[in-house]
Amino acid sequence: MFQDARTLADNAQLAADVCIIGSGPAGLTLGQELGSAGFRILVVESGGMDFDLERQSLLRGEDTTGEYFDPVGARRSQFGGTMAMWNMELADRSLGARFVPLDAIDFETRDWVPYSGWPFSRAQLDPYYKRAEKLCGVSSNTYEAAVWEDECNRCLKLPASEAITRVYKLQSTESLLRAARELINVSTNVNCLFRATVTELVPDPGSDQIEYLRVLTSNRKKAEIRARIFVLAAGGIENARLLLLSNTVFSAGIGNGRDLVGRFLMDHPLYYFCQWIPSSPALFPLLGLYDVRTVQGQCVLGRLTLPEAVLRENRLLNLSGVLCPKPKGYRSKGIEALREMRLLARQKQFGRSLTLAPRACVYCGDIFAYAWRRFRASKQASLSFWSMLPNTEKTFGSMEPEFYLEQPPDPSNRVSLSTELDNIGCRRTLVTWKWGQQSRDSAHRAGVLLNKSFERAGLGRLVPLRRSRVHTTGHHHLGTTRTHNNPAAGVVDANCRVHETSNLFVAGSSVFCTGGYANPTLTIIALAIRLAEHLKKELQPLTVRRRE
Ligand SMILES: Cc1cc2nc3c(=O)[nH]c(=O)nc-3n(C[C@H](O)[C@H](O)[C@H](O)COP(=O)(O)OP(=O)(O)OC[C@H]3O[C@@H](n4cnc5c(N)ncnc54)[C@H](O)[C@@H]3O)c2cc1C
């Protein structure tokens with residue numbers, strides 16, 4: 001059942017077997033898995049059933065380095081969580097997300113990646129990935145591209161030992177959200193209390209248990225929730241923030257005896273640093289595999305990556321690139337002059353910007369030709385669906401890959417608490433984050449290797465851009481309550497239980513030890529299913545007792 005928290009009496013006391021904080025993919029997966037097993041579940045959601053600016057503003061934060069972003073723009077406070085922001089256009093033009101598991105190497109301890117290594121392997125997570133795919137409604141077929149080829153849409157003929165093509169599977173929120181909504185609507189044991197913000201987890205001073213949660217409703221009523229088990233599923237930043245905010249018994253916050261909560265914040269910077277100039281324009285019509293399309297009922301998008309052996313041999317961080325076609329003339333002298341002028345104008349160097357105007361005029365013919373090609377391409381296709389345009393060999397001149405980069409864990413990248421308060425009196429988030437030299441260098445070295453491979457295969461050249469560009473966030477907040485069986489090195493253990501507590505668990509990307517390049521939701525869901533299996537065992541004595 002859904003309940004609007006505004007209808008609660010002031011100082012209401014609520015109880016459940018398991019209380020889950022947050023109704024994003026992590027919280028809803030847990031709710032479904034445990035609810036279907038008959039346990040009394042209460043999902044507490046700060047947002048409403050739809051977007052609400054006042055609720056959303058509770059997620060606002062500050063960025064100390066200027067390299068990151070205000071986290072409010074990358075998360076959503078409403079039922080379904082950040083799923084409501086998914087913006088990947090699918091083949092039927094609905095919006096969805098990319099689903100992909102982490103690679104096996106991402107779980108390993110790599111001596112060139114400080115703090116790397118998970119307490120379990122990809123093989124151990126594989127059965128949960130399969131269940132996660134089913135829950136998300138994505139095909140269980142492999143991610144290897146060969147399965148998704150057809151006569152006209154083939155992988156680039158690169159030696160498999162040097163570069164490989166795999167796919168992202170794309171899917172809308174429909175499957176995940178509908179099942180959760182239906183379960184909550186019809187079941188008596190799974191409840192969702194929305195417009196209820198958890199402001200503190202209150203520990204029992206005499207034990208290692210969390211005793212209850214303090215909750216404030218959107219019409220400022222107070223409530224308390226007691227449960228046998230509590231799960232934090234509030235997102236990669238809020239999970240850490242809530243542990244830090246819960247400081248009435250432990251001044252540093254819960255699970256933070258070693259000052260680890262909030263540290264190791266990672267994201268997936270999007271890096272644009274090279275362009276592929278194909279050896280022949282005739283290649284463009286053959287590249288449909290690298291565009292969004294539906295094959296065997298599954299929407300997929302091809303991408304390039306490096307084999308694990310190459311990553312190991314060259315001590316590289318993981319990365320994966322999607323090919324973005326650029327109309328002919330995109331890097332021509334006239335367009336580059338215009339780009340330079342725009343950059344200088346943005347930096348308020350108007351005088352210097354104007355000195356480039358004559359150069360732009362000299363190449364005005366090129367500029368008009370480019371503008372026309374771009375107009376034609378964007379009229380009929382966005383980043384997706386470009387391969388369906390007629391005459392791609394005449395329209396496009398190059399491909400500029402968008403690389404998702406792995407960012408190594410770094411304790412100085414962190415979420416902490418600001419001195420500024422939000423409008424319900426809780427300290428806001430302070431983010432300190434830099435994307436780092438290692439990711440950048442590793443990407444450039446990967447580019448050199450890919451270029452050699454392209455040249456050897458006779459496919460053309462992958463040349464560095466004169467000015468590389470980074471979009472520092474993929475909107476993925478990873479690592480702030482990292483997993484490690486040693487409490488001196490992690491916030492949660494391999495079962496995602498917060499060290500120093502016995503009944504508090506964490507679900508979501510904050511438990512990631514490293515992040516690879518993979519968009520995190522499939523792994524978040526696989527880990528939530530794994531956590532649910534563990535909790536079912538922990539809760540078993542409770543069910544037996546209730547039956548008596
Ligand atoms: C534009 C965009 C595109 C994305 N695309 C992809 C993609 O293609 N593939 C992919 O894998 N991932 C993608 N992501 C990331 C993905 O959405 C997140 O990783 C995922 O939603 C995280 O799930 P979660 O359940 O851990 O947290 P969230 O989805 O953030 O949900 C957390 C919930 O907890 C609630 N909450 C927070 N604090 C409290 C509190 N104190 N009390 C009560 N409730 C609280 C919030 O209101 C929210 O509803 C994208 C994100 C964005 C912004």
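The values are calculated or read from the model by the stated rules, or taken from the named source; none is laboratory data. Predicted model only: the values in this text are computed from it and were never measured. Glycine gets a Cβ as well: all are built from the backbone with ideal geometry, and neighbour counts include every protein chain shown.
Computed quantities for the displayed model
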| item | result |
| --- | --- |
| Close pairs from the stretch 454-479: first more than 11 Å from TYR271 (Cα to Cα), partner within 16 Å of the ligand (Cβ to nearest atom) and part of a strand (DSSP E or B), Cβ under 6 Å, at least 6 apart | LEU478/MET266; GLY479/MET266 |
| Among the residues listed as ILE184, ILE164, the single one being under 24 Å from ASP17 (Cα atoms), out of contact with any His (no Cβ under 7 Å at 6 or more places or on another chain) and modelled with pLDDT of 95 or more | ILE184 |
| Any hit, the stretch 91-110, residues being buried (at least 16 other Cβ atoms within 10 Å of the Cβ), over 16 Å from the mean Cα position of the chain (by Cα) and within 11 Å of the ligand (Cβ to nearest atom) | no |
| Extreme residue, surrounded by the fewest Cβ atoms within 10 Å (Cβ to Cβ), among residues of the stretch 18-38 that are over 17 Å from LEU177 (Cβ atoms) and in contact with a helix residue (DSSP H, G or I) (Cβ under 6 Å, 6 or more places away or on another chain) | ALA37 |
| Those residues of the stretch 51-74 which are assigned to a helix (DSSP H, G or I) and closer than 16 Å to MET266 by Cα, in sequence order | PRO71, ALA74 |
| Selection status of ARG178, without any contact (Cβ under 8 Å) to a residue 60 or more places away in the chain, among the charged types (D, E, K, R) and in a helix (DSSP H, G or I) | yes |
| The one condition in (1) touching a strand residue (DSSP E or B) at 6+ places or on another chain (Cβ under 7 Å); (2) within 30 Å of PHE512 (Cα to Cα) that ALA309 fails to fulfil | (1) |
| Hits in the stretch 410-435 - residues which are in contact with a Phe, Trp or Tyr (Cβ under 7 Å, 6 or more places away or on another chain) and surrounded by 21 or more Cβ atoms within 10 Å (Cβ to Cβ) | ASN413, VAL431, TRP433 |
| Criterion violated by ARG466 - all others in (1) more than 14 Å from the ligand (Cβ to nearest atom); (2) outside any strand (DSSP E or B) satisfied | (2) |
| Count - residues of the stretch 348-368 that are closer than 9 Å to GLY334 by Cβ and under 38 Å from the mean Cα position of the chain (by Cα) | 1 |
| Close pairs from the stretch 15-33: first among the small types (Gly, Ala, Ser), partner at pLDDT below 95, Cβ under 8 Å, at least 6 apart | SER23/ALA180; GLY31/ALA180; GLY31/LEU183 |
| Matching entry among TYR143, TYR115, TYR128, TYR168 (being touching a Pro at 6+ places or on another chain (Cβ under 7 Å), surrounded by 17 or more Cβ atoms within 10 Å (Cβ to Cβ) and among the aromatic types (Phe, Trp, Tyr)) | TYR115 |
| Flag for ARG75 being among the charged types (D, E, K, R), touching a His at 6+ places or on another chain (Cβ under 9 Å) and modelled with pLDDT of 90 or more | yes |
| Those residues of the stretch 203-218 which are closer than 29 Å to GLN78 by Cβ and either charged (D, E, K, R) or assigned to a loop (DSSP other than H, G, I, E, B) (or both), in sequence order | GLU211, ARG214, SER218 |
| Entirely in the stretch 303-406, the helices (runs of 4 or more DSSP H) that have 2 or more residues that are closer than 30 Å to HIS477 by Cβ and out of contact with any Pro (no Cβ under 9 Å at 6 or more places or on another chain) | 308-314, 333-346 |
| Output for the stretch 406-464, where each listed residue is within 25 Å of the chain's Cα centre (by Cα), within 27 Å of LEU244 (Cβ to Cβ) and among the aliphatic types (A, V, I, L, M) | VAL415, LEU417, LEU430, VAL431 |
| Which listed residue is within 16 Å of the ligand (Cβ to nearest atom), over 19 Å from the mean Cα position of the chain (by Cα) and free of Cβ contacts under 8 Å to residues at least 40 places away in the same chain, from ASP50, ASP70 | ASP50 |
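Quick grid of which residues meet (1) of a type in the set (Val, Ile, Thr); (2) at pLDDT below 95; (3) over 17 Å from GLY27 (Cβ atoms):
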residue: GLY479; (1), (2), (3): no, no, yes
residue: ARG482; (1), (2), (3): no, no, yes
residue: VAL491; (1), (2), (3): yes, no, yes
residue: ALA518; (1), (2), (3): no, no, yes
residue: LEU522; (1), (2), (3): no, no, no
residue: ALA526; (1), (2), (3): no, no, no
residue: GLU533; (1), (2), (3): no, no, no
residue: GLU538; (1), (2), (3): no, yes, yes
residue: PRO541; (1), (2), (3): no, yes, yes
